[in-house]
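The values are calculated or read from the model by the stated rules, or taken from the named source; none is laboratory data. Everything numeric here is computed off the predicted structure, so don't read it as measured data. Note: areas computed on protein heavy atoms with side chains; ligands, DNA, RNA excluded. Shrake-Rupley method; radii C 1.70, N 1.55, O 1.52, S 1.80 Å.
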Amino acid sequence: MQAKEIRENTLPELNEQLAKLKEELFNLRFQLAINQLDNPMRINAVKKDIARVKTIIRETELKDSANA
């Protein structure tokens, strides 16, 4: 997931995407705990995607507050 792709979404879409990523991270951690995780590097990728989405949400909030 690229930051350019994320910036094209609206704020509600970003919040929905963030919730899905957090759910995926939970599932990956659960799979890791019971030794059923195929690709452990996916956890790091999902964490980075969560950080990207949160960063863009914050940028959007700051931009909206500056315009108000």
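Between LYS48 and GLU13, what length in nm is gained on full extension when 0.36 nm per residue of separation is reduced by their alpha carbon distance?
The LYS48-GLU13 span can extend by a further 10.8 nm.
Let me have the 222 nm mean residue ellipticity of the chain computed from DSSP H runs of 4+ only, each contributing -39500 (n - 2.57), with the sum over all residues rounded to the nearest 500. Please list the in-between numbers first.
Numbers: 3 runs with 55 residues, N = 68.
Rounded to the nearest 500, the figure is -27500 deg cm²/dmol.
Could you give the length gained by full extension between ASP38 and GLU24, i.e. 0.36 nm per residue of separation minus their alpha carbon distance, to one decimal place?
Stretched fully, the ASP38-GLU24 segment lengthens by 3.6 nm.
How much accessible area per residue does the chain have, in Å², with a 1.4 Å probe? Write out the running numbers ahead of the final one.
Working: 5210 Å² over 68 residues.
On a per-residue basis, the chain sits at 77 Å².
Considering the values [x] 54; [y] 47; [z] 44, which represents percent of Cα pairs over 18 Å apart as calculated for the structure under consideration?
Working out percent of Cα pairs over 18 Å apart from the coordinates points to [z].
Pop out the carbon and sulfur fraction of the accessible area of the chain as a percent, whole number, probe 1.4 Å. Working shown, then result.
Working: 2670 of 5210 Å².
On the chain, the fraction of accessible area on carbon and sulfur atoms equals 51 percent.
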